[in-house]
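In what follows, a single structure is set out as structure tokens and then discussed.
The values are calculated or read from the model by the stated rules, or taken from the named source; none is laboratory data. Here the structure is a predicted model, which means the values were calculated and not measured. Don't worry about glycine lacking a Cβ; one is built from the backbone with ideal geometry, like all the others, and counts go over all protein chains shown. What goes into the accessible areas is simple: the full protein's heavy atoms, side chains included, and nothing from ligands, DNA or RNA. Shrake-Rupley method; radii C 1.70, N 1.55, O 1.52, S 1.80 Å.
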Amino acid sequence: MKYTEIAIVGGGPAGLAAALNAAKLGAKVVLIDRNDYLGGQLIKQTHRFFGSKQQRASERGIDIARELADEVMANPQIRVLTEATALGFYEDGVLALEQHNKIITLQGERLIIATGGAEKSLLFPNNDLPGVYGAGAVQTLVNVFGVKPGQRVLMVGAGNIGVIVSYQLLQAGVEVAAIIEAGPRIGAYWVHAAKVVRAGVPIYTRHTIQRAHGEREVTGATLVQLDDRWQPIPGTEKEMEADVICLSVGLSPLTELLWQAGCKMTFVPELGGNVPLRNEYLETSKSGIYVAGDVSGIEEASAAMMEGALAGLNAAASLGYSSDGLELERQNVLDQLAGLRSGPVGEKIRQGLAQAML
């Protein structure tokens with residue numbers, strides 16, 4: 001049995017920020033991630049962030065991941081376990097891990113869950129053909145391994161991820177045939193959408209994929225227009241050639257550990273699905289278990305880092321660690337989060353968060 005003051009599951013933007021902020025107050029931290037690297041989805045993000053300087057404006061996700069990972073690895077208060085999968089959390093507060101074919105048991109006085117989210121899929125005939133990818137898989141191929149997924153891509157979903165990945169595909173020399181969106185308007189920030197529109201990529205709102213074509217692999221798709229009740233309009237079908245269908249239809253919080261721990265959960269569509277109830281300190285209904293990032297509700301990486309910082313500060317403070325500027329720093333993080341969630345763009349998140357409070 002190994003012991004630590006704070007155990008953090010997930011080495012993405014939220015987990016990294018949580019580890020650094022908890023360690024900064026003096027807490028001993030163990031950071032766990034199933035990958036052989038730290039950074040999570042940040043390592044796929046080649047676009048520049050925007051917002052405030054504290055929200056890493058003008059920095060690219062890949063650079064942020066490298067910087068945060070380097071800080072974590074150099075911090076003597078933080079022990080990192082990569083290639084370690086959290087198998088379960090048990091009633092006696094023990095976290096079971098598997099690393100290199102060995103089982104490790106870890107008990108932390110506090111636990112921060114920052115496991116992120118998983119891509120949603122979409123049901124349509126032939127959606128299991130080779131050539132149907134999730135947007136995260138396409139990002140991994142292109143931005144991490146430098147591999148083209150195909151020559152001509154149909155992107156399904158016009159949120160930030162779908163539009164950003166479309167632009168990254170264009171930069172990699174892959175043709176984007178179109179972006180389709182079932183909703184009446186795109187969900188992406190216009191600053192991102194304008195880039196693909198200027199590059200000549202059409203965006204069709206109120207459209208969905210009716211079926212994929214191909215025998216052994218994707219060769220194209222049938223698209224159809226939707227009415228105000230989200231039903232297909234007969235006679236509006238159009239055929240489109242493509243050897244890749246990329247699905248960017250949202251994420252679901254990865255909450256298995258929270259369910260197992262007995263945390264109170266609630267279904268909030270605005271946050272991506274089932275999420276844990278939490279208080280203003282990001283502590284769940286189970287004392288000593290905190291959440292941060294997409295596991296608590298799907299948002300952008302900037303919000304995940306801010307939540308991670310808040311969870312790390314609060315978990316360490318609950319153990320008695322403090323500093324002269326703790327309250328000021330905590331309020332600053334809360335102000336940053338409020339700014340990220342402000343205005344019409346953040347209305348859905350604000351509505352969702354109101355439903356998830358203890």
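The table that follows gives values for the structure above.
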| read-out | value |
| --- | --- |
| Label-reachable residues, the range 1-43, where backbone N falls under 14 Å from a point 7 Å from Arg79's Cα toward its Cβ | 1-8, 28-33 |
| Proximal lysines relative to Lys264, as straight alpha-carbon distance under 25 Å, when same-chain residues fewer than 8 apart are discounted | Lys120, Lys286, Lys348 |
| Bridge type composition, the chain - antiparallel percent by DSSP, nearest 5 | 50 |
| Average accessible area per residue (Å²) across the range 163-291 - probe 1.4 Å, nucleic acids and ligands excluded | 48 |
| Net +/- balance of residues flanking Met240 in space, Cβ distance below 12 Å, scoring K and R +1, D and E -1 | -2 |
| Two-site label geometry, Asp63 and Ala354: point separation in nm, points 7 Å out along Cα→Cβ | 3.8 |
| Heavy-atom accessible area per residue - the range 1-42, 1.4 Å, Å² | 32 |
| Cut-off under 5 Å, modelled amide H: who pairs with Thr266 long-range | Val275, Leu277 |
| Whole-Å distance, taken between Cα centres, linking the range 216-259 and the range 168-190 | 13 |
| Value of Rg to Rh for the range 67-125 (Rh from inverse mean 1/r over Cα pairs, i.e. Kirkwood) | 1.10 |
| Highest-first arrangement of 32-44, 301-313, 133-145, where packing means the average Cβ count within 10 Å | 301-313, 32-44, 133-145 |
| Phi to ³J(HN,Hα) by Karplus 6.51 cos²θ - 1.76 cosθ + 1.60 over the range 316-322, Hz, x for Gly, Pro | 5, 5, 5, 8, x, 7, 7 |
| With Cα atoms, 0 to 90° folded angle of helix 326-340 axis to the chain main axis | 10 |
| Rounded percent of accessible protein surface that carbon and sulfur make up, the chain, 1.4 Å probe | 50 |
| Residues with amide H under 5 Å from that of Gly12, placed H, sequence gap 5 or more | Gly39 |
| Under Karplus coefficients 6.51, -1.76 and 1.60, residue-wise ³J(HN,Hα) of the range 108-121 in Hz, glycine/proline x | x, 5, 9, 10, 10, 9, 9, 7, x, x, 10, 5, 7, 10 |
| Fully extended contour minus Cα-Cα distance, from Ser342 to Leu123, at 0.36 nm per residue | 75.5 nm |
| Rg/Rg_globular for the range 253-347, with Rg_globular taken as 2.2 N^0.38 Å and Rg from C-alpha atoms | 1.09 |
| Burial order of peptide ranges 121-132, 154-165 (average beta-carbon count within 10 Å, highest first) | 154-165, 121-132 |
| Relative contact order of the chain, defined on C-alpha pairs under 8 angstrom at six or more residues apart (%) | 20 |
| Sites matching chymotrypsin sites (Phe, Trp or Tyr not before Pro) across the range 45-127 that sit in DSSP coil, with at most 15 neighbouring C-beta atoms within 10 Å | Phe50, Tyr90 |
| Debye intensity ratio in log₁₀ form over the Cα atoms of the chain, taken at each q of 0.15 Å⁻¹ | -1.27 |
| Sequence ranges 203-211, 234-242, ranked by mean other-Cβ count within 10 angstrom, highest first | 203-211, 234-242 |
| Whichever lysines have a C-alpha closer than 18 Å to that of Lys28, once near sequence neighbours (fewer than 8 apart) are set aside | Lys2 |
| Distance between modelled label sites at Glu71 and Lys148, nm, 7 Å Cα→Cβ extension | 3.8 |
